Each structure stands twice: as C-alpha cells, then as structure tokens.
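Below: one structure, written as structure tokens.
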C-alpha cells in the first residue's frame with residue numbers, strides 16, 4: 001500500500017510498503033490532493049482469492065461503490081480507471097446544474113429527465129434530493145440511493161417508508177428510483193448497527209418513517225400535468241417498418257371501382273366533414289393561443305371505447321379513461337373521508353343482500369364503520385342485510401358486490417384499527433368499481449369534463465394501482481414516426 005499526499009501541490013509526503021514497519025514518511029512530489037494505491041491485495045491471504053468472482057464482476061462492485069460515493073460528495077472529483085482506460089470521470093459539482101449533470105452521469109439521462117427535486121425540514125429532520133417520477137420506474141431496486149448524514153445506507157425502515165410514499169402511484173411490480181439525503185442529529189442514529197455500516201438504527205424509527213413517507217407522498221402529489229411525458233418509441237428505421245392496420249369493418253362503405261373520380265372525391269369530402277361536436281372542439285383549440293390551452297387539451301375523439309384522444313399545445317394526448325376516472329373518484333373518496341364521513345345517498349328502494357351468518361354478525365357489529373364508508377346497513381334476518389344508503393359517488397355500481405367485498409376486507413382485518421389501515425385499499429376498490437367502464441361511449445362534453453377533472457386532481461398521472469393514465473406525443477415525435485422532414 002502507498003499513500004501520497006500534498007496540501008499545496010508543491011511539497012508532498014508518501015508512506016509505502018507491505019508491512020507497518022515499512023510505512024516511514026518520505027518526501028514525494030505530488031499535485032494537491034491524495035492518492036491511495038493498493039497492489040497484490042491477497043498476497044498474504046491467498047485462500048481469500050477463491051471467494052473472488054470474475055474480474056468483470058469485481059469491477060462492477062468497485063464501479064457501484066464509486067458511483068455511490070460520487071452521489072454522496074458533490075464537492076469531490078472522482079476518476080476511475082480500468083485496464084489503463086478512464087471509465088468514470090466526475091468533476092466537482094459546485095452548483096445545481098452541475099449536480100444534476102452528475103446524477104445523470106451516474107443514473108442516466110432518463111432519470112434526470114423524469115425526476116423531481118424535493119426538500120423539506122420538520123422536527124429536526126431534513127430531506128432533500130431527487131425523486132424519480134412514477135412514470136419512470138424500474139423492475140429492480142438498482143436506482144435507489146439514500147444517504148443519512150452523508151453516509152450511504154440500505155435500511156429496511158427507510159426503504160419501506162419511501163415505497164409507502166410512492167404507494168398511491170406505483171405499480172406493485174415496479175420499484176421507484178431516487179437519490180435522497182436525510183440529515184438529522186447524529187445522536188439520534190446509530191451507525192454501528194451493522195459491520196458494513198450500510199444499515200443504521202434510528203432512536204425513533206416511527207418518526208423517521210412517517211416523515212419520509214409523508215414528504216414523498218406530498219411531493220409526488222404536487223406534480224402538474226405538464227411535467228409528465230412518455231416519449232414515443234421510434235426512429236427513422238422503426239417508422240419505416242410501420243404498416244397500416246386494416247380493420248374488418250368500417251362505419252362507412254368504400255367507393256366501388258366503378259365510381260367516377262369526381263364522385264369518389266365527393267364521397268370522401270362528405271366523410272371529412274366534422275360532426276358538430278368535433279367542429280366545436282377543433283374551434284376551441286384553434287381560436288386560443290397555445291398558452292391558453294389547458295394542459296390536457298381538448299377532446300377530439302374516443303378510440304375503441306377505451307381511450308380519449310385530445311389535442312393540446314404540445315401535440316396529441318392519449319388518455320385511458322377508466323384509469324383516469326378511477327384516480328379522480330379515489331381522490332374524491334379520500335377527500336370525503338378526510339372531512340369525517342363519505343357522503344351517502346338514500347336508495348329509492350332498499351336492497352336486500354344475502355350474506356353468510358358471520359358476515360351478517362360483522363355488519364351488525366361494525367355498523368358505525370359502514371356508516372363512515374357511506375353505507376346504511378341493517379340486519380333483517382340471520383343471513384340477510386338490508387341496504388338503505390350507499391356512497392353518493394358509487395350510487396350506480398353493483399351494491400351487492402360492493403358490500404360483500406367490503407365485508408370480506410373487514411373480516412380479514414379483524415379489528416377497527418386494522419380496518420382503518422386498509423382504508424386506502426378499500427377506497428381504491430370502491431373507486432375502481434365506480435369508474436367508467438370500457439366500451440362506454442362518452443360525448444365530447446363528458447370527455448372534456450374528465451380532462452378538466454384530471455387537471456384538478458392530485459396524482460392524476462397514475463391510477464391508484466400505479467399504471468399511467470395518459471401519455472403525450474409531441475408534434476416532433478409524430479413527425480418522426482411518419483418520417484416527415486427526412
């Protein structure tokens with residue numbers, strides 16, 4: 001091992017050798033800074049060599065360690081060489097732009113383009129860093145970096161808190177990406193809980209967990225529509241491979257080969273005439289400046305009874321109407337719950353629901369809980385419940401199915417406290433059942449009302465299962481697909 005260091009770039013010192021007796025300081029020329037060099041690491045313990053993997057695998061471990069260090073110390077420059085070739089070269093990052101550039105160099109441009117800066121202090125805790133947007137998720141946890149007082153850690157409490165913060169917008173099979181820095185009183189965290197120092201023990205883990213999950217949840221809730229984009233796949237080569245799709249049936253008849261050219265032109269001219277609603281929507285887009293067009297734009301059409309096609313200032317917006325409506329209803333139900341009670345609506349004709357005797361007993365015992373969900377349920381027999389009121393926002397759904405599902409979830413919980421813990425899941429189920437279904441035809445007014453609701457709703461870019469509710473294709477991306485200008 002050798003350590004060579006100079007504080008002024010003029011006179012330096014070095015210690016080098018295999019044994020401690022050899023480590024005598026000697027003058028040495030060296031630029032300002034310190035170089036630590038190790039060679040033949042296992043010369044005295046050859047048995048350890050058999051635990052080494054391939055050179056490529058071991059180098060990846062070293063590379064990950066360096067990338068983690070580079071994210072932890074922006075005030076330090078790092079360079080990594082392998083087989084005489086510089087693999088990583090991170091300059092000092094002294095400003096916000098330079099720090100984000102280093103993050104992009106470590107995690108890739110995709111993360112840098114789809115992240116959000118978060119910073120908050122509360123009760124002696126300070127959190128800052130970059131959160132990957134819900135549209136940018138991973139199949140593995142390879143882009144999760146957390147630092148506590150500057151130390152990189154992998155802690156279960158922290159990991160669970162962050163995942164919970166993403167809970168309403170993350171698909172269950174995906175992992176979030178983030179680079180976060182938590183600062184706290186060193187006396188409230190034990191860094192010697194694990195030999196590798198990667199795990200820590202918090203004096204008040206509940207406080208830390210709550211702070212992290214709440215901060216991340218609120219940061220993700222505050223994102224607006226303009227910040228979310230999904231880039232269209234495709235380049236010149238890919239676009240050249242696209243082929244038109246021929247459907248088996250159409251809403252119009254194609255002209256026969258016997259028609260004269262002028263008659264055929266007249267036929268297509270009639271097809272090109274917009275319907276009154278479509279004309280109104282196009283007029284709305286064309287009559288205002290880009291800056292006045294809402295972020296989600298104006299609806300143009302509905303595709304296969306599933307997707308809404310809308311035009312905004314950037315280009316084309318595609319909306320999954322069920323997923324979008326599900327998020328809207330879910331947030332409305334949560335808002336109702338936060339006000340103390342979900343609004344209820346009396347049924348014109350009470351509905352009798354056949355249940356098992358244990359379910360009837362549970363409904364009778366948890367009548368107050370059901371009332372909080374917006375149900376008025378009474379027991380009318382050993383195996384029968386009578387429903388007189390239902391949640392106002394869910395008045396059009398299958399009441400029997402909804403009530404049985406709610407009772408089943410309450411039976412799983414077993415106690416009022418557990419039931420409250422499952423509230424979000426239950427409300428999510430209720431929202432899913434209340435959302436518009438596929439193949440339901442909407443008018444342009446209904447589609448535009450849904451777009452405006454999306455703009456007003458927190459976390460509207462994902463449904464509560466974590467799936468995206470809409471994507472944006474810019475004019476430039478559409479031009480690329482059709483090779484315009486090439």
Conditions (1) closer than 30 Å to residue 447 by Cβ; (2) in a helix (DSSP H, G or I); (3) touching a strand residue (DSSP E or B) at 6+ places or on another chain (Cβ under 6 Å) -> residue 363 fails only (1)
Residues of segment 164-184 being touching a strand residue (DSSP E or B) at 6+ places or on another chain (Cβ under 9 Å), surrounded by fewer than 19 Cβ atoms within 10 Å (Cβ to Cβ) and under 22 Å from residue 124 (Cα atoms), in sequence order, are 181, 183
Among (1) surrounded by 14 or more Cβ atoms within 10 Å (Cβ to Cβ); (2) modelled with pLDDT of 75 or more; (3) assigned by TED's automatic domain parsing to the domain that holds residue 359, residue 413 falls short only on (2)
The one condition residue 15 fails out of (1) assigned to a strand (DSSP E or B); (2) under 30 Å from residue 98 (Cα atoms) is (2)
Per the filter on segment 316-341, residues in a helix (DSSP H, G or I) and without any contact (Cβ under 8 Å) to a residue 12 or more places away in the chain are 335, 338
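For segment 35-47, how many residues meet the condition of being loosely packed, with under 12 Cβ neighbours inside 10 Å and either at pLDDT 90 or above or not in a loop (DSSP other than H, G, I, E, B) (or both)?
Going through segment 35-47 one residue at a time, the tally reaches 4.
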Of the candidates 50, 60, the one satisfying the condition of being at pLDDT 90 or above and either outside the structural domain of residue 163 (by TED's automatic domain parsing) or on the phi > 0 side of the Ramachandran plot (or both) is 60
Taking segment 1-12 and keeping residues out of contact with any strand residue (DSSP E or B) (no Cβ under 6 Å at 6 or more places or on another chain) and modelled with pLDDT of 90 or more leaves 7
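Do we have residue 59 as surrounded by 11 or more Cβ atoms within 10 Å (Cβ to Cβ) and out of contact with any strand residue (DSSP E or B) (no Cβ under 8 Å at 6 or more places or on another chain) here? I'd like the intermediate steps shown before the answer.
On the way: surrounded by 11 or more Cβ atoms within 10 Å (Cβ to Cβ): yes; out of contact with any strand residue (DSSP E or B) (no Cβ under 8 Å at 6 or more places or on another chain): no.
Answer is no for this residue.
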From the option list 317, 329, single residue qualifying as within 22 Å of residue 459 (Cα to Cα), modelled with pLDDT of 90 or more and buried (at least 19 other Cβ atoms within 10 Å of the Cβ) is 317
Within segment 185-199, restricting to residues that are part of a loop (DSSP other than H, G, I, E, B) and loosely packed, with under 13 Cβ neighbours inside 10 Å, the one that is modelled with the highest pLDDT is 185
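The values are calculated or read from the model by the stated rules, or taken from the named source; none is laboratory data. No experiment lies behind these values; they were computed from the predicted model shown. FYI the Cβ positions are ideal-geometry reconstructions off the backbone, even for glycines, and counts take in every protein chain you see.
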